[in-house]
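To start, the structure under review is shown below, and the notes come after it.
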Protein chains: 2
Amino acid sequence: MSQYRTFTAADAVEYAREFGGIADPQSLVSSQEIGDGNLNLVFKIFDRDDVSRIVVKQALPYVRCVGESWPLTLDRARIEAEVLQIHGQFCPAHTVKILHYDPALAVMVMEDLSSHAIWRGEQVKGIDYPQAAAQLGEYLAQTLFHTSDFYQHPYQKKADVIRFTNPELCDITEELFFNEPYEVHERNGYPRALESLVAQLRTDDELRQKVAGLKHRFLSNAEALLHGDVHSGSIFVAENSLKVIDAEFGFYGPMGFDVGSALGNLLINYCALPGLLAPREAADAREKRLDDVRTTWQSFAEGFLALAAEKTRDRALAYPGYAAEFLAKVWRDTLGYCGTELIRRTVGMSQVADIKTIQDEVMKAECVRQAITLGRTLILAADHVENIDALIARVRQNG
Amino acid sequence: MSQYRTFTAADAVEYAREFGGIADPQSLVSSQEIGDGNLNLVFKIFDRDDVSRIVVKQALPYVRCVGESWPLTLDRARIEAEVLQIHGQFCPAHTVKILHYDPALAVMVMEDLSSHAIWRGEQVKGIDYPQAAAQLGEYLAQTLFHTSDFYQHPYQKKADVIRFTNPELCDITEELFFNEPYEVHERNGYPRALESLVAQLRTDDELRQKVAGLKHRFLSNAEALLHGDVHSGSIFVAENSLKVIDAEFGFYGPMGFDVGSALGNLLINYCALPGLLAPREAADAREKRLDDVRTTWQSFAEGFLALAAEKTRDRALAYPGYAAEFLAKVWRDTLGYCGTELIRRTVGMSQVADIKTIQDEVMKAECVRQAITLGRTLILAADHVENIDALIARVRQNG
């Protein structure tokens, strides 16, 4: 049994040689730490031709941005690796491949995705990947259906709920998504010019009650093994390819949380584009982003219903028409969680490049204002926005 | 560590002497096995004056009614004892007191309730306990609130979801409640005269979809530590006293399941009374039973809201107005689960004394018909029956 130690660049190379499963391990000679997050070391491992061949990721026992003062369980590396293995079993095309992991070292070895780029960065630059949304919808349909009560035997599902109980990482979401943006909190990060708008969120009774319901369902609705943090920064894209990474927030939760997080990040980009690109390019990119929103939902919904019709194993849930009824619940949740994602990424601590890249402060505040008002609208109207067309119409109305 | 062996009457006496916590253990001299269920041995332990002083309950490793052919986990004794201990912590007045338990022997020692009678038996005889409904509502409010996300720290709640994962007993409910009554199944037990009515349940699309939703929420909504089988046969009553026993089906599930099971059994008695008592007495007893239904719900709902206002610890869920919004969800679930309880107790395997005691076969079939149609109505109308008055009106309309 290995004992935890923080990897050096040389450790990472040696580990990749041993566990990378490549034919010529001695060709691996150097590494570069590329982690931009706060929780992990991420090493790219290069061969003699300076080609990146493999990735070694190690969880740190603390949150890096605040030094060693915020300890965080290393068990999240196990959860991340095992979620990706299960998601990879059901959707190999769009899940990063895990080659090896060691729970004691909190380390995993995975396929190199240097041929891909992070989707968020591409969206910020206005670069379009026309197939990405359909592939993301496919990933969501395959992973959420196959880990749900529709498909899993109740014994297996109950065992997996235990296996993927993730208290510390869920606690981060519970705080950052559902509490802090609606409170006066030192970690919040919105532009000062929006103080009065943000203050209104705190005292909006109907909004706060809806957010309470979304948090309660996050805490109690164990519908499927979620990725738990499907945003544009956890998604690699290339021409005709999409790969989801970074599943350390995985746990059994409400399906609409994953779908809503995905749509919410597309809509944040939509709100940010006027601050990122010249007017005509921004307008074009916004239309593409709305297409992405529509396609992601449609691909998920159609994929889910097709899987439910073909592969549901629970006798009661297999009754014709039930999957569609349940999908309507997922849609309402999706709208709500999409709204909370828009707000937590703008009001809260976890700011995103789409907004941070905007240079002009006045423009930035205007984009953030739009994201917040859209988020608020979606949370409040979640039970009344009938379908994806009605959602797109609401987004356009918002400005 | 003790090893499992099935207790004899003498074993039970010896065990009660050792673990009953009474001042004069040697006064315990005899025992009587009184288990009427199929899963357990239940011994009353008597002293020299032939007074019952203590109860020893042991789980059997199989279902007794089918010999040793249906094995069943002994872990249910641990779950039963620990659910009752937690419920007893929050509602000591109405939870049977557990004095000792041993997980390896699957045995528990508990207070003697010989001064009480099983509520179902009393209802069958038309004996009224005017305080019981309010006390049952109080039990439901205290146990469900204090084990929910309103009150429990998320870490504690997640740990308790694991601790009370109960796959084998939940499997019984999943089959008997939500599958078999809606299928042609050898275990079903309805009167032959009702074949066409029962056949209609199997092909009623809307009903089957609603039942699928209720099963899905039973499988996935971990709202509170349920008793899991709160029916009139799991409740002891005496003048001004009510004690809940038999929590081996306990797990984290939707609150409406416990509340609906409780109301459903009161309503089965309502449906059965014309077959049990003379017409005038039956009419009086029916009014009392409707009062019990009303009082149980009101006592639960008022108790839950009062606790939520005073003691909610989750910052988001504490927002004023949310508890009432959530209670509306519990009400809808309650109506649905009440409906499935009415149907599974009449169409399905788990028949009850209220019905079985009826001598006249024609009358029995008529009472069962009424219970089935009421169950169907409640499942279908769960989203439209606004409050307890509307429920009572629906019951009266049903006949």
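Of note:
- Which numbered condition B:Gln89 misses (of (1) crowded, with 19+ Cβ neighbours inside 10 Å; (2) modelled with pLDDT of 95 or more; (3) within 27 Å of the chain's Cα centre (by Cα)): (1)
Table: residues versus (1) free of Cβ contacts under 8 Å to residues at least 60 places away in the same chain; (2) over 18 Å from A:Ala212 (Cβ atoms).
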{"position": "A:Phe164", "(1), (2)": "no, yes"}
{"position": "A:Arg187", "(1), (2)": "no, yes"}
{"position": "A:Arg192", "(1), (2)": "yes, yes"}
{"position": "A:Glu195", "(1), (2)": "yes, yes"}
{"position": "A:Gln200", "(1), (2)": "yes, no"}
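- Meets criteria (surrounded by 20 or more Cβ atoms within 10 Å (Cβ to Cβ), in contact with a strand residue (DSSP E or B) (Cβ under 9 Å, 6 or more places away or on another chain) and of a type in the set (Val, Ile, Thr)) for A:Ile268: no
- The one condition in (1) without any contact (Cβ under 8 Å) to a residue 40 or more places away in the chain; (2) touching a Phe, Trp or Tyr at 6+ places or on another chain (Cβ under 6 Å); (3) of a type in the set (Phe, Trp, Tyr) that A:Tyr322 fails to fulfil: (2)
- Identity of the residue in segment B:92-117, part of a strand (DSSP E or B) and touching a helix residue (DSSP H, G or I) at 6+ places or on another chain (Cβ under 6 Å), that ends up surrounded by the most Cβ atoms within 10 Å (Cβ to Cβ): B:Met108
- Helices (runs of 4 or more DSSP H) lying entirely in segment A:300-398 (those with 1 or more residues that are closer than 18 Å to A:Tyr190 by Cα and among the hydrophobic types (A, V, I, L, M, F, W, C)): A:322-344, A:353-356, A:361-381
- Some residue of segment A:238-252 being within 30 Å of B:Asn179 (Cα to Cα), buried (at least 22 other Cβ atoms within 10 Å of the Cβ), touching a residue at least 40 places away in the same chain (Cβ under 8 Å) and within 14 Å of chain B (Cβ to nearest Cβ): yes
- Any hit, segment A:347-355, residues being within 14 Å of chain B (Cβ to nearest Cβ) and touching a residue at least 12 places away in the same chain (Cβ under 8 Å): yes
- Taken over segment A:18-31, the criterion of being part of a strand (DSSP E or B) and over 23 Å from A:Arg76 (Cβ atoms) is satisfied by A:Leu28, A:Val29, A:Ser30.
- Helices (runs of 4 or more DSSP H) fully within segment A:137-225 counting 3 or more residues that are within 10 Å of another protein chain (Cβ to nearest Cβ) and surrounded by fewer than 16 Cβ atoms within 10 Å (Cβ to Cβ): A:154-163
The values are calculated or read from the model by the stated rules, or taken from the named source; none is laboratory data. Only a predicted model underlies this, so the values are computations on that prediction, with no experimental measurement involved. We place every Cβ from the backbone using ideal geometry, glycine too, and count neighbours over all the protein chains shown.
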